[in-house]
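Engineer: One structure, pasted below without further comment.
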């Protein structure tokens with residue numbers, strides 16, 4: 001994940017708290033397990049260009065789906081903000 005993404009998130013007061021290792025087959029499971037180890041994390045967004053096994057682990061409400069070719073766009077930032085606000 002590049003500095004470009006972090007800079008873009010910071011402009012909207014969104015912080016990158018953590019990231020998981022890439023596991024193409026079990027990405028949802030990886031995120032779910034991370035969340036189980038970090039129970040203090042209640043408000044989070046998953047930025048991804050694939051859905052993987054997110055539905056199986058009830059993570060779809062936290063997913064902001066990005067285009068592989070276009071990356072993070074302003075509309076995605078708006079969606080991130082809305083999703084985080086819904087968590088409160």
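Engineer: Using the basic label-point model (7 angstrom from Cα toward the beta carbon), what is the residue 60 to residue 16 distance in nanometres?
Structural biologist: Result for the modelled spin labels: 2.8 nm.
Engineer: Using bins 5 angstrom wide from zero, how does P(r) for segment 3-87 break down, in % of all Cα pairs?
Structural biologist: P(r) over segment 3-87, rounded to whole percents: 3, 13, 25, 28, 21, 9, 1.
Here, each number is a calculation from the coordinates, and none is a lab measurement. These figures come from a predicted structure and were not determined experimentally. Positions of Cβ are generated from backbone atoms using ideal geometry, with glycine treated the same way; all protein chains shown enter the neighbour counts.
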